[in-house]
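These notes concern the structure reproduced below.
The values are calculated or read from the model by the stated rules, or taken from the named source; none is laboratory data. Computed from a prediction, not measured in an experiment: that's the story for all the values here. All Cβ positions, even for glycine, are placed from backbone atoms using ideal geometry, and neighbour counts span all protein chains on display. For the accessible areas, the whole protein counts, side chains as well, though only heavy atoms, and no ligand, DNA or RNA atoms are used. Shrake-Rupley method; radii C 1.70, N 1.55, O 1.52, S 1.80 Å.
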Amino acid sequence: MSEEKKLPLLKVRDIHVYYGAIHAIKGISLEVNEGEIVTLIGANGAGKSTTLNTIAGLLKPRQGGIAFAGMPVEGTGASKMVYKGLSLCPEGRRIFQQMTVRENLEMGAFSRPNEETEKSMEQVYEFFPRLKEREKQIAGTLSGGEQQMLAMGRALMSKPRLMMLDEPSMGLAPILVEQIFEIIRDMNAAGTTILLVEQNAQMALSVANRAYVMETGRITMEGDADDLMHDDNVRKAYLGS
Amino acid sequence: MIFLDHLINGLSLGSIYAIIALGYTMVYGIAKMLNFAHGDVIMIGAYIAFCGLQYWGIPPVLAILLAMVFCTLLGVTIEGFAYRPLRQATSLAVLITAIGMSYLLQNIALMIWGANPKSFPTTFINGSNIRIGQLNISSATLITIVANIVIMVTLTLFTSKAKLGKAMRCVSEDRGAAELMGINVNRTISLTFAIGSALAAVAGVLLCSSYPILQPTTGSMPGIKAFTAAVFGGIGSIPGAMLGGILLGVIEIFGKAYISTELGDAIVFAVLIIVLLVKPAGLLGKPMREKV
């Protein structure tokens, strides 16, 4: 146990990912320690989502390694990664639109024993009381903010050690963005390690412990979230001031 | 009374179409492909049951079970060897493979059982007719309709209540998101083929009990009609396949009885074209919608 504590929960070492002939990720290394909130910021098309999808097992790196909880996992396949304790709340939410809110949450717990489902659902409803009100509603009829909550709640149902969130604030009104980030903080306080990809760099840096800045498939800067928030280059490029 | 006779015949034929259509619609909904070899799995199932009844002398229930087991294995094998390697290929490549598989199965049947039509033993199912007033219902008809209802209820419960059934709906909606839940997509698709093919075996036996001529092309026409029924009802939708199948059977029988025997099939397809003009997604098909 103490051995594992010293190791980062997630360690990505020099991965290269291709889409056909396009070299999308050109050697990325990053680490996430147990209990942290780490954010990956950068412009559109920098490769942030590709990085998360690769860690989640949806894409295979052509080169490099990924270790989760000390075990190599590159090329494991997404459906097996959930069982290892890693969960991705994907870009665009991708909730099951034709299923009810409750069914979506149940499917989030697919990797867990059936007896746990009820209890996990209660916990998710504590984070997202709104979802409980909408329990029987068809997910496709929820508002954008509620759909985001459902996507996060669904990811939480698998009781992940590491939850990866891809653009949770996308397309949401500022007040909802605040709310979503508050919940991210709460989930972290409740013991879930978080790797967050965001275009809203301001918000992301304000909740994160550490941050990586990505540009065209590479990491160009990394460090303490507070330090980066006050870095001139970061301010100019991503914080608009 | 003649009207009622036709209606019952239509319901019976429609029930067979519906059971076949379920196989098409489930595979389409989950694997996103048209399995044109499905009709030929019906024919193989009927031959297996035929051999069981005629040559090996096993009891009817066992013969049907044997056909179901055989077709399940056949369906899963076809999927694993022919379709799975093409999971990332264009839909056209998959379609052509399915058509090729259809001919392969027909030719294998031709090789094993020959071209001469076999007369399917129907005595086991046509025990006694049931009379309600002046109405005379054969037991084959009754069994077909009851089997259809049982299958419909079971499948609906399975996809709405069982964990694996819900996983099937997830894969149908968003394969990537389903994987993120921990659902094994390949295994789910195999399961779909298994269920569809087992139903095909049942349909094969029911079909040959009502129309007892069995030859290697027996599955083709009902296969195409059932595919039509699936589109008619809204492809990908389980209740749609049921509704489409039954309507198709009833329209076909009424068309043949009241309009023209020769034009029976043409009438069926004319109705399909009209429905698709008005509702392009089929009767119960869901129009595509997206929320940003």
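Structural remarks
- When DSSP beta bridges are restricted to pairs lying wholly in the protein assembly as shown, around 60% turn out antiparallel.
- Straight-line cross-link partners of B:LYS286 among the aspartates and glutamates, defined as a Cα under 20 Å from its Cα and at least 8 positions apart when in the same chain: A:GLU103, B:GLU173, B:ASP174.
- Ratio of Rg to Rh over the protein assembly as shown (Cα coordinates, Kirkwood Rh, two decimals): 1.08
- Highest-fluctuation residue, A:LEU156, A:LEU172, A:LEU205 considered, GNM on chain A with Cα pairs under 10 Å: A:LEU172
- Centre separation in Å (Cα based) which lies between the stretch B:156-212 and the stretch A:147-175: 30 Å
- Entry for the stretch B:1-76 at q = 0.11, 0.14, 0.28 Å⁻¹: log10 I(q)/I(0) = -0.39, -0.60, -1.18, Debye formula applied to identical alpha-carbon scatterers, no solvent contribution.
- A:MET152 - accessible surface, heavy atoms, 1.4 Å probe, Å² rounded to 10: 0 Å²
- Inverting the pair-averaged 1/r between distinct Cα atoms of the stretch B:43-144 gives 16.3 Å as its Kirkwood hydrodynamic radius.
- The heavy atoms of B:PHE36 offer some 60 square angstrom of accessible surface to a 1.4 angstrom probe.
- Shielding by partners, peptide A:104-111 (average Cβ within 10 angstrom, other chains): 5
- Pairs of alpha carbons in the stretch B:12-218 separated by more than 33 Å make up 18% of all such pairs.
- Among A:ILE175, A:ILE28, A:ILE138, residue whose mean-square fluctuation peaks in a GNM of chain A (springs only between Cα atoms under 10 Å): A:ILE175
- Of all accessible heavy-atom area on the stretch B:12-218, the percent that carbon and sulfur account for (1.4 Å): 68 percent
- Global geometry of the stretch A:145-212, whether rounded, prolate or oblate, following the gyration tensor of its Cα atoms and the 1.5 cut on a/c: oblate
- Counting only protein heavy atoms and using a 1.4 Å probe, the accessible area of A:GLU122 comes to about 90 Å².
- Cross-link reach list, lysines versus B:LYS256, counting only Cα pairs under 16 Å and skipping chain neighbours closer than eight places: B:LYS225
- P(r) tail for the stretch A:196-237: Cα pairs beyond 14 Å make up 39% of the total.
- Of all lysines in the structure, the ones whose alpha carbon falls short of 17 Å from that of A:LYS159, not counting any fewer than 8 places away in one chain, are A:LYS80, A:LYS84, A:LYS119.
- Largest first and in whole Å, the equivalent-ellipsoid semi-axes of the stretch B:162-278 read 33, 19, 10, each the square root of five times a Cα gyration tensor eigenvalue.
- Residue with peak Gaussian network fluctuation, chain B [Cα springs, cutoff 10 Å], from B:VAL27, B:VAL150, B:VAL171: B:VAL150
- Between the stretch B:17-44 and the stretch A:202-241, the Cα center-to-center distance that results, in Å: 53 Å
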